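Enquirer: Questions regarding the structure given below will be posed in turn.
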Amino acid sequence: MAPRTTHLRPNRLVHSLLSKVLRWLVGVFSHVDVVGLDHVPRRGGAVLVCNHRSLFDAVALGAALDTTHRDVMVLAKSELFERRLQGRILRRAGVIPVFRGTDRAKDSMAEGIASLQHGELVVVFPEGTIPKDGQLMEFKTGAVRMAKRAGVPVIPLVLVGTDQVIATNVQKIKRTLFRRVVQNADITVVVGRPLTLDRDEEIEAVTRDNERVRAAVLALLEEHDEPRTRVVTKRGVLLSAVFSVPVLGALARLAWKRARS
C-alpha cells in the first residue's frame, strides 16, 4: 500500500480552541516555565524532538507552544483514534496517527513530511514510549528522516516535571484528584537551538544525525533536570474543594444508607 501524501492542515478554530483548553488544564495542575521559545522559527517547517516522561507531556507542550501562534502537528499512537469522535477532533486539531507495525506505518511519515513542506511544525517523541525509569531511551530515526527529506531543521526540546502530574509509577498515578489539584507541579519546557542536518539519507548518515539529536536533548536534560517541587496554591484549594463536593456527597449518602440498613 502506497503511503498517503495528502496534506491535512489543522482546522484553525479547533486547533486554537484546543490549545486554549490545554493552557487552562495545565494551569490547574501545574506552573509552567518556558525557556528558549525564541528558538522556534516564526515561519517555515521544523521538527521538534522531545523527551517523553508522562501522559501529560503533550498537554504541557501544546500549552507552551500556543503562544507561538504556529500550526503544530503532533505524531501520536493510532490507538488514540479508535473512538470515532475523539479521532475526528484530534485530526482536526493537528494530530497525525502513527500506525506502528502495520502496512500504514509509512502514512505518518509521508503526512509529517507534507506538513513540514507546507511550513508547519511537527512534534515527535522519538523514544516511542514512556520509559519506566525516567531515563532517556534510544531514539527511533523517523524524526531525523522526516527532517532530511523535507529539508528543515530539528529543534531539540525537553519537558521536565510532567511526571509529577501523571507519573509512570503506578502508586503515583493513584494520587487523589484532591492532591493533584492542590499541589501544583513545577514544569519546565526548554527549547534548544535548531540543528541543521544534511540531506544525506544513507543509513550511516541517518544514524549519525540521530545520535547528534539525542545528544542535544540529553544535554538539555542534564542542564535543566532537577528535583521538582509541588506548590500548594489558594486556587488549588478552592478547585479541590469544588471537585470534592460530589465525592463527599456520595460518601455521605452511602454512609446514611448503611446506617439505616
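Enquirer: Would you check if there is a residue in segment 177-190 being under 20 Å from ALA60 (Cβ atoms), part of a loop (DSSP other than H, G, I, E, B) and either modelled with pLDDT of 95 or more or of a type outside the set (Asp, Glu) (or both)?
Expert: So far as segment 177-190 goes, no, none of its residues is under 20 Å from ALA60 (Cβ atoms), part of a loop (DSSP other than H, G, I, E, B) and either modelled with pLDDT of 95 or more or of a type outside the set (Asp, Glu) (or both).
Enquirer: Consider LEU116 carefully, then state whether it is surrounded by fewer than 19 Cβ atoms within 10 Å (Cβ to Cβ), within 25 Å of LEU13 (Cα to Cα) and hydrophobic (A, V, I, L, M, F, W, C). First the steps, then the outcome.
Expert: Numbers: surrounded by fewer than 19 Cβ atoms within 10 Å (Cβ to Cβ): no; within 25 Å of LEU13 (Cα to Cα): yes; hydrophobic (A, V, I, L, M, F, W, C): yes.
Considered against the rule, which asks whether it is surrounded by fewer than 19 Cβ atoms within 10 Å (Cβ to Cβ), within 25 Å of LEU13 (Cα to Cα) and hydrophobic (A, V, I, L, M, F, W, C), LEU116 comes out as no.
Enquirer: What residue, among those in segment 201-232 that are crowded, with 16+ Cβ neighbours inside 10 Å and farther than 15 Å from VAL158 by Cα, is modelled with the lowest pLDDT?
Expert: Here the answer is ARG230.
Enquirer: Output the number of residues of segment 82-95 satisfying the condition of being free of Cβ contacts under 8 Å to residues at least 60 places away in the same chain and within 18 Å of the chain's Cα centre (by Cα). Break it down stepwise before answering.
Expert: Step one: list which residues in segment 82-95 are free of Cβ contacts under 8 Å to residues at least 60 places away in the same chain, which gives 82-88, 90, 95.
If we keep only those that are within 18 Å of the chain's Cα centre (by Cα) as well, we get 86-87, 90, 95.
Qualifying residue count for the region: 4.
Enquirer: Of the residues that make up segment 131-144, is at least one among the acidic types (Asp, Glu) and either farther than 21 Å from LEU197 by Cα or surrounded by fewer than 16 Cβ atoms within 10 Å (Cβ to Cβ) (or both)? Let's see the steps before the verdict.
Expert: Within segment 131-144, the first condition is being among the acidic types (Asp, Glu), and the residues that meet it are 133, 138.
With either farther than 21 Å from LEU197 by Cα or surrounded by fewer than 16 Cβ atoms within 10 Å (Cβ to Cβ) (or both) added as a condition, the list becomes 133, 138.
Taking every residue of segment 131-144 in turn, at least one turns out to be among the acidic types (Asp, Glu) and either farther than 21 Å from LEU197 by Cα or surrounded by fewer than 16 Cβ atoms within 10 Å (Cβ to Cβ) (or both).
Enquirer: Give me the pairs: first residue in segment 146-158 and in a helix (DSSP H, G or I), second residue of a type in the set (Val, Ile, Thr), beta-carbon distance under 7 Å, and six or more apart or on different chains, which are they?
Expert: Note: pairs meeting the criteria are MET146/VAL47; MET146/ILE113; MET146/VAL122; ALA147/VAL47; ALA147/VAL154; ARG149/ILE113; ALA150/ILE113.
Enquirer: Do the conditions hold for ASP198, that is, is it farther than 22 Å from VAL59 by Cα, part of a loop (DSSP other than H, G, I, E, B) and either modelled with pLDDT of 55 or more or more than 20 Å from the chain's Cα centre (by Cα) (or both)?
Expert: Yes.
Enquirer: Considering only segment 16-53, state which residues are touching a strand residue (DSSP E or B) at 6+ places or on another chain (Cβ under 8 Å) and among the small types (Gly, Ala, Ser).
Expert: Matches in segment 16-53: SER30, GLY36, GLY45, ALA46.
Enquirer: Take the residues in segment 1-50 that are within 30 Å of ASP103 (Cα to Cα) and part of a helix (DSSP H, G or I); name whichever of them is modelled with the highest pLDDT.
Expert: VAL14
The values are calculated or read from the model by the stated rules, or taken from the named source; none is laboratory data. Values in this document were obtained by computation on a predicted structure and should not be read as measured data. Cβ sites come from the backbone with ideal geometry, for glycine too, and all protein chains shown count toward neighbours.
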